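The values are calculated or read from the model by the stated rules, or taken from the named source; none is laboratory data. The structure displayed is predicted, hence computed values, not measured ones. Because the Cβ atoms are built from the backbone with ideal geometry, glycine has one as well, and the counts that use them run over all protein chains shown.
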Amino acid sequence: MQRPEIITIDGPAGSGKSTLGELLARQLGYLYFDTGVMYRALTWAALHRQTDVYNQEMLEHLAHQVVIEVVAPMQDDGRQYTVLLDGTDITWEIRQAEVDRNVSVVARYPGVRAEMRRRQRVIGQRGHVVMVGRDIGTIVMPEAPLKIYLDASLETRARRRMAEQRRRDDTVSLEETRASVARRDELDQHVMQPAPDARILHSDTHSPEEEVAWIIALFDSAEPPSSM
């Protein structure tokens, strides 16, 4: 396989897509684009402005009004990127538990998804990009030459998400996080199917480094691996 200009990584919440995507993009010298941060930024904007997240018309209007930018890290504080909302850095704010609880609601509105997908596609078409999300390989960039679907058990995903959240809130429990991830799964069912030509990886028993090596081998080896 020729080295692809566009690589998509889809999968459920907590499967390790962000870690894998960042490592892979860094090794290839590509842009790392976590498309989910657009929905998180919009959700944070709605909550911050006290907009009812269950008001579809207001959320779809807001999606067209705000300016969301995803750029390379602007601070050395462990972030993978910088997220700007109308010029304001909200990179860490979009990881708040309240955003977690509401982002799937916001992302379900057709007008919101259409606008976010349009913006995502513009970035993807520039090439040399690793795009991470839920529906990138199926809807946003179906023409991508390499599509990965990263999966993991609910327990593994809940533990990963809890570890992430405890960096900012050490009171978060595994039970609470497991319930939150399960709820996200239920709400995201409509966008959680892998593309027909996606290569499926299970991250429960493999490190991100092993996953990156496997993906690189797909297009850099004379005999690429058939499975992992």
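Results for (1) over 17 Å from V37 (Cβ atoms); (2) free of Cβ contacts under 8 Å to residues at least 40 places away in the same chain; (3) touching a Lys or Arg at 6+ places or on another chain (Cβ under 8 Å), shown as yes or no for each residue.
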position	(1), (2), (3)
R79	no, yes, no
T91	no, yes, yes
E115	no, no, no
V129	no, no, no
V140	no, no, yes
I148	yes, no, yes
D151	yes, no, no
Are there any pairs, at least 6 apart or on different chains, whose C-beta atoms fall under 9 Å, with the first in segment 1-24 and under 19 Å from Q189 (Cα atoms) and at pLDDT 90 or above and the second basic (K, R) and assigned to a strand (DSSP E or B), and if so, which?
T8/K147; I9/K147; D10/K147
Has segment 28-48 got at least one residue that is among the hydroxyl-bearing types (S, T, Y) and more than 14 Å from V129 (Cβ to Cβ)?
yes
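Every residue, every condition in (1) touching a Leu at 6+ places or on another chain (Cβ under 7 Å); (2) surrounded by fewer than 19 Cβ atoms within 10 Å (Cβ to Cβ); (3) modelled with pLDDT under 95, yes or no:
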site: I94; (1), (2), (3): no, no, no
site: A97; (1), (2), (3): no, yes, yes
site: D100; (1), (2), (3): no, no, yes
site: A107; (1), (2), (3): no, no, yes
site: V112; (1), (2), (3): yes, no, no
site: V122; (1), (2), (3): no, yes, yes
site: R126; (1), (2), (3): no, yes, yes
site: G133; (1), (2), (3): no, no, yes
Go through segment 201-217 and report how many residues are free of Cβ contacts under 8 Å to residues at least 12 places away in the same chain, of a type outside the set (V, I, T) and part of a loop (DSSP other than H, G, I, E, B).
1
What is the number of the single condition among (1) buried (at least 20 other Cβ atoms within 10 Å of the Cβ); (2) without any contact (Cβ under 8 Å) to a residue 24 or more places away in the chain; (3) farther than 25 Å from V172 by Cα that E69 does not meet?
(1)
